[in-house]
1. Quick one: which of 288, 293 is assigned to a helix (DSSP H, G or I), among the hydrophobic types (A, V, I, L, M, F, W, C), more than 20 Å from residue 13 (Cβ to Cβ) and free of Cβ contacts under 8 Å to residues at least 12 places away in the same chain?
2. On the given criteria, is residue 208 surrounded by fewer than 14 Cβ atoms within 10 Å (Cβ to Cβ) and aromatic (Phe, Trp, Tyr)?
3. Out of the residues in segment 254-278 that are among the charged types (D, E, K, R) and within 22 Å of the chain's Cα centre (by Cα), state the one that is nearest to residue 38 (Cα to Cα).
4. Checking residue 86 against (1) loosely packed, with under 12 Cβ neighbours inside 10 Å; (2) among the hydrophobic types (A, V, I, L, M, F, W, C); (3) within 17 Å of residue 237 (Cβ to Cβ), which test does it fail?
5. So, residue 139, is that one at pLDDT below 95 and surrounded by 13 or more Cβ atoms within 10 Å (Cβ to Cβ) or not?
6. Does residue 230 satisfy the criteria of being out of contact with any Pro (no Cβ under 7 Å at 6 or more places or on another chain), hydrophobic (A, V, I, L, M, F, W, C), under 30 Å from residue 69 (Cβ atoms) and not in a helix (DSSP H, G or I)?
7. Pairs only if they're at least six apart or on different chains, beta carbon under 7 angstrom, first in segment 260-278 and within 17 Å of residue 42 (Cα to Cα), second surrounded by 14 or more Cβ atoms within 10 Å (Cβ to Cβ) and of a type in the set (A, V, I, L, M); list them, first residue then second.
8. Identify the residue in segment 233-246 that is surrounded by 12 or more Cβ atoms within 10 Å (Cβ to Cβ) and closer than 16 Å to residue 66 by Cα and, among all such residues, is farthest from the chain's Cα centre (by Cα).
Amino acid sequence: MQKNPMIEQLIEAHLEFLEHEFSQAKTVEDEFLHFHHWFRKQKLQDIWTFEQINQLIQTQVLATPASAFLIEQIAEHIRFALVHPINETTKIADVIPVLTVDKIAQYVASKSGHRERLIKTVVNNQAFSAMVTQLIQHSIQDYLDNSAMVKSVPGVSSFMKIGKSVLETVTDSNLENTINNYLQKNIQKFSQMSEQVLNNHFDDNKLYHFQANLWHKIKDKPLSVLKNYIETQDLPKTVEMGHEIWDFIRQTNYLKQQVHDGIYAWYVRNQERSLDLLLRDLNIDEALVQNELQNLLAPIIQKMVSTEHLKTRARFYLEKFYYSEQAQKILVK
């Protein structure tokens, strides 16, 4: 394309004008606010469709795996938070509000129906029955073998052995099997008794005071006690295992459908709301735009001007305009 001296002068003048204007902080501030004022008045449905939002999230969140570097950084940030020296001087009560703890205690204590169903499920589980059976068996056997009376009273040990022998002769079975058979026949009764004892022990009032007492025991401990329960050297492994769970579930039809329907429900509720209201849901208001966001944007524009990136991109479009057929017709008149 042959260069036209007059057009080149116009382009250079235009570029100098843009460079001067956008090097002024006031220009960036005004343009950003004008854009915000226009943008916030638009309705969600006038800017984006449900399909566009859903496709973006499905692609970027569900279809895109997390990078190895991101997983490494997550583990490192958790480790950094756990070993931070401020944990030594910060108490648990300094970061967890006591009134919220009390609300949680009251809420948990009030859920008697949920608690009773949970206890019933636990005590009727085969694992619980086996544990109770073994505990009773061991307790009886330990008493027969090691009770204080057997050890301190002369002749009791021999008497116990005779009684055990007689019982085994009558039942045609050793004592351990006899006890086991009895427990197996009555395990349902023991489960019911266990359920009743647990419900009595964990009634609303007792459970509330149990949680309150637990809080008073831990509230003055430093946050550094968390290191007693979390192995920081294992964080890369544990975070990776957590990522493996996410990596699997993000590819399932279940999560894809949940995300699709969740976005759709949100979109239907908000499609006629202005973007100003949606931004306020995220605590982005006029004050934030004026005092914070534009301050973040200004250095970017200034960097674009100082490195001539803005000038280079502007030249590309100005040349397309001035050398276009429409512009040429105007300039040759």
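1. Result of the check over 288, 293: 288.
2. On the way: surrounded by fewer than 14 Cβ atoms within 10 Å (Cβ to Cβ): no; aromatic (Phe, Trp, Tyr): yes.
When the stated conditions are applied, residue 208 does not pass them.
3. 261
4. Going through the list (1) loosely packed, with under 12 Cβ neighbours inside 10 Å; (2) among the hydrophobic types (A, V, I, L, M, F, W, C); (3) within 17 Å of residue 237 (Cβ to Cβ), residue 86 breaks only (3).
5. Numbers: at pLDDT below 95: yes; surrounded by 13 or more Cβ atoms within 10 Å (Cβ to Cβ): no.
Considered against the rule, which asks whether it is at pLDDT below 95 and surrounded by 13 or more Cβ atoms within 10 Å (Cβ to Cβ), residue 139 comes out as no.
6. Yes: the conditions hold for residue 230.
7. 267/53; 270/44; 270/278; 271/44; 273/44; 275/44; 278/44
8. 236
The values are calculated or read from the model by the stated rules, or taken from the named source; none is laboratory data. Predicted model only: the values in this text are computed from it and were never measured. No Cβ is skipped: glycine too gets one built from the backbone with ideal geometry, and neighbour counts run over all protein chains shown.
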